[in-house]
1. Just give me the residues in segment 128-158 being assigned to a strand (DSSP E or B) and open to solvent by 30 Å² or more (accessible area, probe 1.4 Å), in sequence order.
2. When the residues of segment 81-103 are narrowed to those that are assigned to a helix (DSSP H, G or I) and more than 17 Å from the chain's Cα centre (by Cα), which ends up farthest from ligand 2 (Cβ to nearest atom)?
3. What are the residues in segment 159-189 that are aliphatic (A, V, I, L, M), part of a helix (DSSP H, G or I) and surrounded by fewer than 22 Cβ atoms within 10 Å (Cβ to Cβ), if any?
4. Does segment 293-309 contain at least one residue that is open to solvent by less than 10 Å² (accessible area, probe 1.4 Å), touching a residue at least 40 places away in the same chain (Cβ under 8 Å) and more than 19 Å from the chain's Cα centre (by Cα)?
5. Considering only segment 320-370, how many residues are β-branched (V, I, T) and either assigned to a loop (DSSP other than H, G, I, E, B) or touching a Pro at 6+ places or on another chain (Cβ under 9 Å) (or both)?
6. Among residues belonging to segment 79-102 that are open to solvent by less than 50 Å² (accessible area, probe 1.4 Å), away from ligand 1 (no atom under 13 Å from the Cβ) and polar (S, T, N, Q), point out the one that is farthest from T270 (Cα to Cα).
7. Of V152, V141, V126, which residue is within 16 Å of ligand 2 (Cβ to nearest atom), closer than 15 Å to G366 by Cβ and of a type in the set (A, V, I, L, M, F, W, C)?
8. Search segment 256-289 for residues being free of Cβ contacts under 8 Å to residues at least 40 places away in the same chain and polar (S, T, N, Q), and hand back the single one that is farthest from L108 (Cα to Cα).
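The values are calculated or read from the model by the stated rules, or taken from the named source; none is laboratory data. Nothing here was measured: the structure is a model prediction, and the numbers come from that model. Cβ coordinates were reconstructed from backbone atoms using ideal geometry, including for glycine residues, and neighbour counts include every protein chain displayed. Protein only, heavy atoms only, side chains kept; ligands, DNA and RNA dropped before computing areas. Shrake-Rupley method; radii C 1.70, N 1.55, O 1.52, S 1.80 Å.
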Amino acid sequence: MKKLSERVERLGYSQTFVMSNKARAMKAEGVDVISLTLGEPDFDVPNKIKEAAKRAIDENYSHYSPVPGFLELRQAISKKLKRDNELNYEPSQICVSTGAKQSISNVLAAVLDDGDEVVLPAPYWVSYIEMIKMMGGTPVVLGTTIETDFKVTPEQVKNAITEKTKAFLFSSPCNPSGSFYTHEELQKIAEVFSQYPDVLIISDEIYEFLNYEGEHTSIAQFPQVYEQTVVINGMSKAYAMMGWRIGYSAAPQWLAPAIEKIQGQVTSGTNTVAQRAAITALEMLPSELQPMIDSFEQRRELAYNLVSEIPHFQCNKPKGAFYLFPDVSYYFGKTLDGKIIRNSDDFAIFLLEEAKVATVGGVSFGAPNCIRFSYATSEAQIKEAMRRIKTVLEKY
Ligand code: PMP
Ligand code: GLU
């Protein structure tokens, strides 16, 4: 008898962590690797938030919290959603989880039966497709191109909906492409879904504040789809609280109790100290985050200009998040330094070995022609990484 389940055998590893672990292991061996793998700000958590966490320890926030999180935190999230997104959610509609990753998996577990379809635009964040499979769902991937800035059209979405469609899952701003959907684009997509009220829209807005060119719109703002939308957000990106593991879902009343039921059997309420600190974080005005956002915008300029100088890379200027996603397919089918490059994963390994720069291949993002660079690192690292890659590739 097989020891491992079919489910786990179907599951892929998270490539973001696979590549960052490879970089870490090489560094531990003394190799001077620059890692542009993980999307994690290199900034420290703001002092106010750290102080709140220390206070929470001293005040003995050491017991279990309610499964969906402390009421005060859910009230703070409710206020934030009103303040920043013009969205009305009662605390009872909100569930705080161990990262937005868990929020998404809670939602998928709550709605998917075996064989149900989830429509998702590619490129998608690596974990979406694996989570869908893990919950027994069937991913239906919508291809996009660099020419349309990797965005789907309302017609594409409409044509993908079948009787089996349970959900539509997307991020705006998008990891990995950095594109974001404008108010008008989301309105048109919302109009399509309003004709299919049984299809749930899972709107991942974790990069909401990392939007350099426009106003963030949440698709839940369109009243015709509010009852069929769940908003996902969290503290990892905007507050640099990655390791504190706080994410949340804001769901319609029919869905929120199911999310809580699942979480109550899997992890319970998330870390209490981090929850208390998140209250303080959410009370900060978005303007207090501006210096960090400005610095990401400067890095975007720098990284984009340098990537544009690398031979045969084709790259759109990302509008949000902190990734560049160049098309590197020119190099496919070529033999570089004795290594055959079949796809972007091979290319990422080639860059790691030859240029000592770690990136993530696009295969696991559903975009096999591209690779992902995270520019959530210092300007010096960005410059040196791009210099190394350019030097290695100029030979070809
Ligand atoms: N959604 C997207 C699009 C992401 O890039 C990430 C990775 N940080 C997450 C969700 C999960 O974030 P976390 O679990 O750290 O809150
Ligand atoms: N979301 C980040 C990324 O895409 C962190 C790693 C992960 O959670 O996959 O790099």
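1. T138, P139, V140, V141
2. Top of the filtered list is S92.
3. A160
4. yes
5. Qualifying residue count for the region: 4.
6. Ranking the candidates gives N85 first.
7. Selected residue: V126, the only one of V152, V141, V126 that is within 16 Å of ligand 2 (Cβ to nearest atom), closer than 15 Å to G366 by Cβ and of a type in the set (A, V, I, L, M, F, W, C).
8. Applying the filter and picking the extreme gives S287.
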